[in-house]
Each structure stands twice: as C-alpha cells, then as structure tokens.
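Asker: Mind having a look at this structure? Questions to follow.
Here, each number is a calculation from the coordinates, and none is a lab measurement. Owing to the predicted nature of the structure, the values given are computational and were not obtained by experimental measurement. Note: ideal-geometry Cβ built from the backbone for every residue, glycine included; neighbour counts use all protein chains shown.
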Amino acid sequence: MQRILVIDDDRDICLLLSKFLTKNGYEVEAAETGEEALKLIRDRAFTLVLCDYRLPDTNGAEMIQRIKVLSPSTVVIIITGYSDVRTAVQTFKYGAADYVVKPLFPDEILITIRDTIAQTKKTPDHSKLNARDDAKSKTSQNEFIAGKSPQAETVQRHIDLVAPSDMSVIIFGETGTGKEYVARVIHEGSPRAGGPFVAIDCGALPKELAGSELFGHVKGSFTGAISDKMGSFEVADTGTLFLDEIGNLTYENQVKLLRVLQERKIRRIGSTNDIEIDVRIITATNEDLVRAVKEGRFREDLYHRLNEFKIEISPLRDRKMDIEIFANHFLRKANQSLGKNVNAFAPSVLQHLKYHYWHGNLRELQNVIKRAVLLSTGEEVGMESLPHEIIAAGPSVNGEDGEGLVHAFQHPRNVLKSVSGQAERQAIIDVLEKTGFNKTRAAELLKIDRKTLYNKLKAYDIKL
C-alpha cells in the first residue's frame with residue numbers, strides 16, 4: 001500500500017485529508033511541524049508528501065530540500081494559498097512535483113496525487129538494464145503546442161533551425177514556460193530522435209547525490225551504494241540529455257560536467273574506468289547565467305560550452321494571444337483526466353484569463369483550468385469556477401487591460417487612486433515586477449511616495 005505523509009499546522013486539514021485518503025486506499029500519517037515530519041521520514045518510507053508551504057518552524061522550499069536528502073524517491077506536492085502561487089511555483093526548482101491551492105477540494109487532491117504517482121512510475125530507473133528503453137518511451141508522452149504570438153513563432157523558427165544539428169542549446173525562460181517541452185521537440189526533430197531523451201532537474205538533485213545521478217556509481221563507493229548504478233549520461237547515450245535548472249549544479253559537478261563535454265567520457269563514482277558516451281546536451285535555466293558567471297557561481301568555460309545556441313521563451317503574460325490556445329489545450333487534457341465533457345469557456349472567463357499576470361506561466365494556467373473543469377457543472381467553464389483572486393482583479397480597469405494599466409502609470413494623469421481593492425494590489429505587484437522590485441522606481445511610476453508604498457505593501461500583505 002502506498003504511504004502518504006500530510007504536513008500542515010491546521011489539525012482539521014490533517015484530519016480531513018487523512019480520512020479521505022485512507023478511504024481511497026492509501027496509508028496516511030500526519031505531522032503539524034517540519035521537524036515532526038522529518039522524524040517520520042527518517043523512520044519509514046513515504047511514496048508521497050503533501051506539505052503546506054507555510055509551517056510554524058520552516059517553509060515548503062526548505063522541507064523539499066531536506067526530504068530529498070533523506071528520501072530522494074519521495075514525491076512532494078506543495079499546499080499553498082492562491083496568493084502564494086508564485087512562491088509555490090518557485091519550489092519546482094527544489095524538486096516539488098506539483099502544487100494544490102487552498103481552499104482544498106478532496107477530489108482535486110486525489111486526482112493530483114494519482115497523476116503525480118503515475119508520472120513518477122514512468123520515470124526511468126537508471127539502475128535497471130532496461131532504463132534506456134524506459135527513457136525512450138517517455139519522449140512521446142507530452143504533446144507540444146505552439147502559440148501564434150510573434151514570440152512563439154520566433155521560438156518555433158529557432159527550434160526548426162537548431163534541431164537537425166548537434167549543437168548544445170541553452171533554453172532561457174521563467175519557471176513554467178515549457179522549457180522541457182521545447183527540449184523534447186528539439187530532440188524529436190534531430191537525427192537522435194530514435195535514441196533516448198533523459199530529463200534531469202538539477203535543482204531537485206541533493207548535492208550529495210547529484211554526482212551519482214549524473215555519472216553513476218559502483219557498488220560500495222559510498223554508504224548506501226548497494227549495487228552498481230548507471231548515471232543519466234549512460235542512460236542518454238546516443239540520445240539527448242536535458243539538464244533543467246543547470247545553474248543549481250554545484251561547482252564540483254560543474255567541473256565534472258565540463259570534463260565530460262570536452263572528453264566525451266564519464267567515470268562512475270568509485271570507478272577507475274572511463275566510459276565513452278555520445279550525448280547531445282540541452283540545458284535550461286530561469287537564472288541569469290551571465291551574472292552567475294560574473295559572481296563566480298558558474299564556470300565561464302562551461303557556460304560557453306553549453307551556449308552554442310540560445311532559445312529564449314517569453315513569459316505567458318507577454319504573449320496574451322497564446323493564452324486562449326493553451327487554455328483550450330489544457331481544457332481538453334482536463335476533460336480526459338477528469339472524465340468530464342466541458343466544451344468551452346464563457347467569454348468573461350477568457351477575458352479574465354487573458355488579464356491575469358500568470359506568475360507560474362503555463363504550469364499555473366494548467367492548474368487553474370484543471371481546477372475550473374473539476375468545479376464546472378455544465379458544458380461551459382463559468383466565472384464561478386475561477387479562483388477568487390483571478391475574478392477580483394478583473395479584466396479591465398477604466399477600460400484598460402492589464403498591460404495597458406502598467407503603461408498608464410507612465411503618465412501623470414494616471415494615478416494609483418483610480419484603482420481600488422484587488423486591482424490596486426495587482427497593479428502594485430505588476431509595477432514592482434516591471435521595475436525589478438525597485439521600490440523607489442515603483443513608487444515613482446505609481447505616483448506615490450515610498451512611505452505610502454510601504455504602507456500599501458503591508459496593508460495588502462505583499463511580501464518581497
């Protein structure tokens with residue numbers, strides 16, 4: 001029986017989820033603090049952990065990292081409030097598999113748990129001889145949807161140009177923009193399409209295990225190495241290795257990676273023998289690697305090795321004409337997953353979807369659509385199925401869309417006082433992000449002084 005650990009300081013939530021998941025065939029335990037949960041994880045194995053992002057003694061990002069060190073195979077799903085979606089999305093770089101938003105709907109959680117566990121089972125086991133076959137089979141499981149915006153057309157053109165080559169590619173883009181999908185399309189359009197595509201999230205690799213995951217190890221090379229293990233490079237031989245969040249690799253593993261790229265050989269941890277490999281490398285990051293190089297956090301020679309060709313994916317909020325395309329795609333996927341027949345979106349729903357800022361990009365949009373389909377009782381997604389925060393912000397303020405609102409602050413006649421409630425809160429967040437969270441510049445654009453801005457940050461509980 002699969003065992004689930006629920007971590008939440010709300011005892012009622014722990015009780016509700018424990019009873020519901022137990023009825024659905026899972027063995028469930030609960031903890032109200034991070035330390036209590038870690039003690040349980042040290043004592044026994046859990047298939048999956050449901051962890052509230054805000055805990056009395058820690059937070060979700062730290063919990064993921066500690067869980068992954070204690071039990072790398074345990075899947076973690078974050079529970080968060082909608083106002084913290086941006087923070088929740090950032091936990092993906094630490095190894096979160098998904099997130100669910102409060103208020104919690106038991107059916108939604110059950111579907112998320114089942115989907116996450118099912119996807120985990122499809123992940124190749126590098127220690128098995130059939131690992132390469134498993135990795136190959138994964139390439140066809142994700143459908144790539146191209147947008148129609150100028151930015152999307154540029155990305156598609158770059159994919160078409162670089163795919164047939166054997167060049168290393170770096171894909172830049174915010175979390176949730178679909179970097180792995182782009183990497184898969186490059187692989188499938190290359191002469192290596194018949195070989196495996198192996199995806200590794202470097203942000204989710206505990207530094208103690210990263211070398212073993214990438215390069216493999218031999219039995220007895222360290223505590224816990226009970227058998228020989230193939231690394232990702234061996235599994236991806238003759239195919240493509242996709243390294244997501246490459247900026248999170250430790251300096252030591254950056255050195256090892258550079259050696260592999262130069263010599264096209266790997267050496268398992270604890271071994272004295274080199275193994276020749278033939279692998280194309282595609283990497284991705286949401287970090288400014290040029291800055292990381294200047295700050296000494298990323299090797300310059302490795303950066304240039306990886307950056308033979310660069311593809312930049314714009315955030316979803318900058319390509320509004322693509323939102324309806326992706327929303328309809330996620331609608332079809334949600335109908336399949338939930339066994340429902342919701343055929344369309346109400347026009348007002350589409351307006352609100354196009355207005356929303358989408359901190360989590362495609363990943364957030366997919367979650368919102370899936371949740372909306374689950375809550376829909378008819379054949380159309382109505383306003384009542386959207387999260388309150390998306391509805392409250394509204395599709396327009398004085399006739400302007402969200403993008404126009406930000407631009408409006410550049411003119412003296414447009415002042416913050418013309419905006420109210422949730423729209424004011426969203427406007428402040430939009431301008432802060434536009435200015436790179438420079439509060440002085442944001443206050444200037446908003447036509448208010450810094451003291452007023454600080455008061456509003458506190459009033460609206462906007463944490464920077």
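Asker: Hey, if you drop one equal point scatterer on each alpha-carbon of region 18-69 and run the Debye formula without solvent, what base-10 log of I(q)/I(0) do you get at q = 0.30 Å⁻¹?
Answerer: -1.28
Asker: Still on this structure: Express as a percent, rounded to the nearest 5, the fraction of DSSP beta bridges in the chain (both residues included) that run antiparallel.
Answerer: Taking every DSSP beta bridge within the chain, about 10 percent pair in antiparallel fashion.
Asker: Note the full-extension length gain between Tyr454 and Phe105 as 0.36 nm times their separation in residues minus their Cα-Cα distance, in nm to one decimal.
Answerer: This chain segment gains 122.1 nm when fully extended.
Asker: Here is a follow-up. Would you mind counting up the charge near Ile186? Only other residues with Cβ under 10 Å from its Cβ, with Lys and Arg at +1 and Asp and Glu at -1.
Answerer: Summing Lys and Arg as +1 and Asp and Glu as -1 gives +1.
Asker: Another question about this same structure. Once label points are set 7 Å from the Cα along Cα→Cβ at both Lys294 and Tyr82, what is their separation, rounded to one decimal in nm?
Answerer: Each label point lies 7 Å from its Cα, and together they span 3.9 nm.
Asker: If one computes P(r) from the Cα atoms of the chain, what percent of pairs lie at distances over 27 Å?
Answerer: For the chain, the share of Cα pairs beyond 27 Å comes to 59 percent.
Asker: Multiply the residue separation of Thr272 and Lys148 by 0.36 nm, subtract the distance between their alpha-carbon atoms, and state the gained length in nm to one decimal.
Answerer: Gain on extension, Thr272 to Lys148, equals 39.5 nm.
Asker: Convert each backbone phi in region 210-222 into a coupling constant with the Karplus relation 6.51 cos²θ - 1.76 cosθ + 1.60 (shift: θ = phi - 60°), then list the ³J(HN,Hα) values in order as whole Hz, x for Gly and Pro.
Answerer: 4, x, 5, 5, 7, 10, x, 8, 9, 3, x, 6, 7
Asker: How far apart, in nm, are the 7 Å Cα→Cβ label points at Asp115 and Asn438?
Answerer: Each label point lies 7 Å from its Cα, and together they span 4.0 nm.
Asker: Test of understanding: ordering His359, His158 by Cβ neighbours within 10 Å, fewest first, what list do you get?
Answerer: His158, His359
Asker: Using the Karplus equation 6.51 cos²θ - 1.76 cosθ + 1.60 (θ = phi - 60°), what ³J(HN,Hα) coupling, rounded to whole Hz, does each residue of region 242-252 give in order, writing x for Gly and Pro?
Answerer: The phi angles translate into 9, 10, 7, 6, 4, x, 8, 5, 5, 4, 4 Hz.
Asker: Hey, what angle do you get for helix 361-375 against the long axis of the chain, alpha-carbon based, 0 to 90 degrees rounded to 10?
Answerer: Orientation of helix 361-375: about 70 degrees from the principal axis.
Asker: Can you give me the relative contact order of the chain as a percent, contacts being Cα pairs under 8 Å and 6 or more apart?
Answerer: 11
Asker: Also, quick follow-up: For the Cα atoms of the chain, what angle does the longest principal axis make with the long axis of helix 11-23, in degrees from 0 to 90, nearest 10?
Answerer: With both axes taken from Cα atoms, the answer is about 60 degrees.
Asker: On to the next question. I'd like the orientation of helix 450-459 relative to the chain: the angle between its Cα long axis and the longest Cα principal axis, in ° from 0 to 90, rounded to 10.
Answerer: 80
Asker: Scan around Glu312 for amide H atoms under 5 Å from its own, H built in the peptide plane at 1.01 Å from N, and keep only partners 5 or more places away or cross-chain.
Answerer: Answer set, sorted by chain and number: Phe172.
Asker: Given the DSSP H assignment, sum -39500 (n - 2.57) over each helix run of at least 4 residues in the chain and divide by its residue total; what's the result at 222 nm in deg cm²/dmol, nearest 500?
Answerer: My calculation for the chain gives -13000 deg cm²/dmol from helical runs alone.
Asker: Same structure, new question: Taking amide H positions as placed 1.01 Å from N in the peptide plane, with prolines and chain starts having none, which residues 5 or more places from Ala199, or on another chain, fall under 5 Å of its amide H?
Answerer: Here the answer is Phe242, since their amide H atoms fall under 5 Å of that of Ala199.
Asker: Under the rule of at least 5 residues apart or a separate chain, name every residue whose amide H is placed under 5 Å from the amide H of Asp98.
Answerer: Long-range HN contacts for Asp98: Ile78.
Asker: Which distance in nm do the two modelled labels at Lys310 and Asn341 give, with both placed 7 Å along the Cα-to-Cβ direction?
Answerer: 5.1
Asker: Apply the Karplus parameterisation 6.51 cos²θ - 1.76 cosθ + 1.60, with θ equal to phi minus 60°, to every residue of region 73-79 and state each ³J(HN,Hα) to the nearest whole Hz, in sequence, with x for glycine and proline.
Answerer: Karplus-based 3J(HN,Hα) across region 73-79 equals 7, 6, 8, 10, 10, 8, 9 Hz.
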